[in-house]
1. Condition test on Y210, is it buried (at least 21 other Cβ atoms within 10 Å of the Cβ) and in contact (Cβ under 8 Å) with a residue 40 or more places away in the chain?
2. Residue check, I296 against (1) within 17 Å of the chain's Cα centre (by Cα); (2) modelled with pLDDT of 90 or more, all met but one. Which one?
3. Please state which of the following conditions G136 fails to meet, knowing it meets all the rest: (1) open to solvent by less than 60 Å² (accessible area, probe 1.4 Å); (2) at negative phi; (3) modelled with pLDDT under 95; (4) not hydrophobic (A, V, I, L, M, F, W, C).
4. Taking segment 259-275 as the search range and keeping residues that are open to solvent by less than 20 Å² (accessible area, probe 1.4 Å) and of a type outside the set (V, I, T), which one is nearest to the chain's Cα centre (by Cα)?
5. Yes or no: V56 assigned to a helix (DSSP H, G or I), crowded, with 24+ Cβ neighbours inside 10 Å and modelled with pLDDT of 95 or more?
6. So, in segment 167-216, exactly how many residues are outside any helix (DSSP H, G or I) and aromatic (F, W, Y)?
7. Read through the list (1) at pLDDT 85 or above; (2) assigned to a helix (DSSP H, G or I); (3) not aliphatic (A, V, I, L, M), then give the number of the only condition that G260 fails.
8. Cβ contacts < 6 Å: first residue touching a residue at least 12 places away in the same chain (Cβ under 8 Å) and within 12 Å of M75 (Cα to Cα), restricted to segment 90-109; second residue of a type in the set (S, T, Y) and in a helix (DSSP H, G or I), any location; separation 6+ or different chain. Result?
Amino acid sequence: MKKWRLPDEVGVIGIILVVAIVFSLMSPTFRTTANLQILLLNGAVIGFLALGQTFVLLTGGIDLSTGSNLCLTGMLAAIVMYNGAPWWIAALVAIAAGVAVGVFNGVIVHYAKLPPFIVTFSTFGIAASIPKIMTGAQSVSVKDPFFAVIGRGSILGVPMPVVLLAIAFITFTFILRRTPLGVHIYSVGGNAETSRLSGISIPRVTITVYAMSGLCAAFGGLITTSRLMVGYPVAGSGNELFYSIASAVVGGVSLFGGIGTIPGALLGSILIATVSNGMNVVRVESYWQPLVIGVIILGGVILDTYRRQVSLSALLSKRAPGLRSPNAKPPNEPAATPALQ
């Protein structure tokens, strides 16, 4: 009979509840409807970035360009509308640009055989500079009122960003759990060489996961620009990158690849959004937030490393008695006599 155990995400849910209760006791403002609305809207952007980061982390990579990609796509949407195009054309341009940045990252990572950290850090600088160069570092106002629906609209009282995030959550969960692509992503993250030998296309998987991260960053850029109805050339230069990584790691996604889920990443983003919102409500200075998020990332990495060590020990302990390493000495074989010098 298979032993039943609680899902890994239960621990994150418990932490979210504890954090929410603590902030509610510290400030009545935290539990107001207006603040919950702000938390959900900010959390939607963090959630999109975390979901995109999850795809990359599952293959053992990392995407440091998410914040800059958010800025680039949001600014492109504003510029396209400023030049007379309808909002939906601007949205498509932004999405295409976000995916293009992701594809660029994936191609360079795979074919140039460069570390993802270096590639995406370079793209971080490139994507951050393009909007400033295009506009002279000036903001661009959005005049099309229909564009506001993306960030300010709602369906049955549910904010549109939350609706879009829910659709992405369902879609991405299905992809990872029910499609061959999902199996290949986990396989590449677990052992890329074995995956290659088994016939999995490593280039296709690598490029796809970075493209997914770019797609999610584009939605984050659209939501941010739509909420403000202004394209800012410095948007995404704050804590967005830290939030995306922290959300995924806290949600159980391994930085070493092959372990993690979309529900876990989403819960991690809710936790990070709750911590950030709560610190704002209780008037903690903004420069403390990177410290807190950094501690959360460090704690998540330590737990992830410990979990991997425990899993490896458990796997080795379950090996059949007859199995041994090639260099192990048989039980009845005498020790070798040292050679005389």
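The values are calculated or read from the model by the stated rules, or taken from the named source; none is laboratory data. Everything numeric here is computed off the predicted structure, so don't read it as measured data. Cβ sites come from the backbone with ideal geometry, for glycine too, and all protein chains shown count toward neighbours. Ligands, DNA and RNA are excluded from the accessible area calculation, which covers all protein heavy atoms including side chains. Shrake-Rupley method; radii C 1.70, N 1.55, O 1.52, S 1.80 Å.
1. So Y210 passes the test.
2. Unmet for I296, out of (1) within 17 Å of the chain's Cα centre (by Cα); (2) modelled with pLDDT of 90 or more: (2).
3. (2)
4. Applying the filter and picking the extreme gives A265.
5. yes
6. Qualifying residue count, segment 167-216: 0.
7. Unmet condition: (2).
8. Short answer, once both residue conditions are applied: A94/T73; A97/T73; G98/T73.
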